[in-house]
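Heads up: the structure comes next, in structure tokens.
The values are calculated or read from the model by the stated rules, or taken from the named source; none is laboratory data. All of these numbers come straight from a predicted model, not from anything done at the bench. Neighbour counts are summed over all protein chains in view; Cβ atoms, including those assigned to glycine, are modelled from backbone coordinates with ideal geometry.
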Amino acid sequence: MKLPGFSQPSSTLRRALTTSSRQLTGSYCRPWNEQKHFSNGGIGGLQVGARIFVTGATGFIGANLVRRLVTEGHQVHAVIRPDSDLWRLRDLLDRITLHWVDLLDSGGLRHVARAVQPEVIFHLAMTGGHPRGALDRIRAVQVGVIGTLALLEAALETGAVRFVHVGSSLEYGRVARAMRESDPLRPVTDKGLAKSLASQLVKFYARKHGVSAVIVRPFSVYGPWESPQRFIPTLLRAAITGEEIRLTPPGYRHDFIFVDDVVEGCLRAASARTRPGEAFNLGTGVQWTNEEVVTLAEEVSGRKIRVIPGAYPPGPADARCWVADIRKACRRLGWLPEWSLAAGLGRTLDWLRSYLNDQAECGPGSYVRP
């Protein structure tokens, strides 16, 4: 297969374009009956215009989810922390309703929920995902426990049709094979700890109190609107600007999944018939070393990227094996990732170029956020 701009694709690029989780796991999948789960474009059997509550709406995945919900015609109510940065949502502010309330303010949160009467709740809020100190770690656990507890109580009180908790693959910790939903939760990071505690609460409320709740666990998500200091935005920005980047030592692997596929997984989870508090992995089933991703980014961008191998120290979430077993999500949700890594990198690169151009036209500033 010949690609525009390439005389001969490398083996890395051919793998990225031709290897997909559909090919790897398709034999495990049952046909998805969309009519059975959706009604006139609604989610979870709800009509278009459903009242949707989203926490973590200013975050990377949350903002992409909000965009999808708005596009589909739903009433989006975003729970926003008072000190949140709205940069990802600025072009949507006239199409969504913002509620400025801290998740640790359980009374305020329940007051907003009573006023909105949400039909579906997407819980993505996470503070201190990459803590810089003790206060960040404490806040992360507080949001994971107290914030989730308050939101579950709000779901009980308002009779929400569905509660979708967006967890993380970090809940599992290190596993020497593809991670399964049945694996014990042994987090090795602060975010993993906070998310695993929240997952336990969600399961308890689903089984004990009857909250219609489901858990999804995304793996290494990338795409438009990702925080600029993360690996793939840094890599693609280097392809554009020529700056040099530092890499971890060779051999660390991640299961990279495009954000649109994660959003689709969240929507499928909101609509599917599941067991109380059931969890589903959202990954691709394919893992890549950082070196392979650099090579692929070079071929997608047509630019050589300057790297310093081994100059970036590995973190607790860097491992020789970090990949999802997605057979359960395939079978039960009728979900499959549609974006190859090559296509996802290309789409993200296009978005980043456009964003940087807009920043330049609007005046001083660059793709730099806290």
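I'd like the full set of residues that are in a helix (DSSP H, G or I) and either among the acidic types (Asp, Glu) or surrounded by 19 or more Cβ atoms within 10 Å (Cβ to Cβ) (or both), limited to the stretch 289-327.
Asn290, Glu291, Glu292, Val293, Val294, Leu296, Ala297, Glu298, Glu299, Val300, Ser301, Arg327
Which pairs turn up if I take residues in the stretch 315-326 that are closer than 14 Å to Val188 by Cβ and look for partners that are of a type in the set (Lys, Arg) and assigned to a loop (DSSP other than H, G, I, E, B) with beta carbon separation below 6 Å, at least 6 apart in sequence or on another chain?
Matching pairs, first to second residue: Ala319/Arg174.
Given the conditions (1) part of a helix (DSSP H, G or I); (2) closer than 16 Å to Ile305 by Cα, report the number of the one that Asp261 does not fulfil.
For Asp261, the failing item is (2).
Out of all the residues in the stretch 269-317, which are more than 30 Å from Ala206 (Cβ to Cβ) and basic (Lys, Arg)?
Arg303, Lys304, Arg306 - these are the residues of the stretch 269-317 that are more than 30 Å from Ala206 (Cβ to Cβ) and basic (Lys, Arg).
Let me confirm something: among Thr248, Thr234, Thr189, Thr241, which residue is surrounded by fewer than 24 Cβ atoms within 10 Å (Cβ to Cβ), closer than 25 Å to Asp260 by Cβ and of a type in the set (Val, Ile, Thr)?
Thr234
Is there any pair with a first residue in the stretch 144-156 that is farther than 17 Å from Glu171 by Cβ and touching a residue at least 60 places away in the same chain (Cβ under 8 Å) and a second that is of a type in the set (Phe, Trp, Tyr) and part of a helix (DSSP H, G or I) whose Cβ atoms are under 6 Å apart and which are 6 or more apart or on different chains, and what are they?
Between residues of the stretch 144-156 that are farther than 17 Å from Glu171 by Cβ and touching a residue at least 60 places away in the same chain (Cβ under 8 Å) and residues that are of a type in the set (Phe, Trp, Tyr) and part of a helix (DSSP H, G or I), the close pairs are Leu152/Tyr205.
Residue under question is Gly344, and the condition is that it be touching a Phe, Trp or Tyr at 6+ places or on another chain (Cβ under 6 Å), at pLDDT 95 or above and either under 30 Å from Lys195 (Cα atoms) or assigned to a loop (DSSP other than H, G, I, E, B) (or both); does it hold?
yes
So Asp255 ticks every box in (1) over 23 Å from Gly173 (Cα atoms); (2) of a type in the set (D, E, K, R); (3) buried (at least 22 other Cβ atoms within 10 Å of the Cβ) but one. Which box is left unticked?
So the condition that Asp255 fails would be (1).
What is the one condition in (1) more than 15 Å from the chain's Cα centre (by Cα); (2) in a loop (DSSP other than H, G, I, E, B); (3) not aliphatic (A, V, I, L, M) that Cys330 does not satisfy?
Exception for Cys330: condition (2).
Within the bounds of the stretch 155-167, is there any residue that is surrounded by fewer than 19 Cβ atoms within 10 Å (Cβ to Cβ), of a type outside the set (Val, Ile, Thr) and closer than 21 Å to Arg217 by Cβ?
Within the stretch 155-167, not a single residue is surrounded by fewer than 19 Cβ atoms within 10 Å (Cβ to Cβ), of a type outside the set (Val, Ile, Thr) and closer than 21 Å to Arg217 by Cβ.
Does the stretch 109-128 contain at least one residue that is more than 17 Å from Val202 (Cα to Cα), in contact with a His (Cβ under 7 Å, 6 or more places away or on another chain) and in a loop (DSSP other than H, G, I, E, B)?
Yes.
State whether one or more residues within the stretch 54-62 are hydrophobic (A, V, I, L, M, F, W, C) and in a strand (DSSP E or B).
Just the residues of the stretch 54-62 that are hydrophobic (A, V, I, L, M, F, W, C), to begin with: 54, 57, 60-61.
Okay, now just the ones that are also in a strand (DSSP E or B), so 54.
Yes, the stretch 54-62 has at least one match.
Pick out the one residue from Arg132, Arg110, Arg81, Arg137 that is touching a Pro at 6+ places or on another chain (Cβ under 8 Å), at pLDDT below 95 and surrounded by fewer than 23 Cβ atoms within 10 Å (Cβ to Cβ). Walk me through it before giving the result.
Numbers: Arg132 fails: touching a Pro at 6+ places or on another chain (Cβ under 8 Å); Arg110 fails: touching a Pro at 6+ places or on another chain (Cβ under 8 Å); Arg81 fails: touching a Pro at 6+ places or on another chain (Cβ under 8 Å).
Within the list Arg132, Arg110, Arg81, Arg137, the selection yields Arg137.
What tally of residues in the stretch 271-288 results from selecting those that are of a type outside the set (D, E, K, R), within 16 Å of Gly334 (Cβ to Cβ) and surrounded by fewer than 23 Cβ atoms within 10 Å (Cβ to Cβ)?
So the answer is 2.
Could we say that Gly73 is more than 18 Å from the chain's Cα centre (by Cα) and assigned to a loop (DSSP other than H, G, I, E, B) here?
Against the criterion (more than 18 Å from the chain's Cα centre (by Cα) and assigned to a loop (DSSP other than H, G, I, E, B)), Gly73 qualifies.
Does Arg95 satisfy the criteria of being out of contact with any His (no Cβ under 9 Å at 6 or more places or on another chain) and over 14 Å from His77 (Cα atoms)?
Considered against the rule, which asks whether it is out of contact with any His (no Cβ under 9 Å at 6 or more places or on another chain) and over 14 Å from His77 (Cα atoms), Arg95 comes out as no.
Going through the stretch 247-298 one residue at a time, which ones are among the hydrophobic types (A, V, I, L, M, F, W, C), under 13 Å from the mean Cα position of the chain (by Cα) and farther than 24 Å from Arg177 by Cβ?
Val259, Val263, Cys266, Leu267
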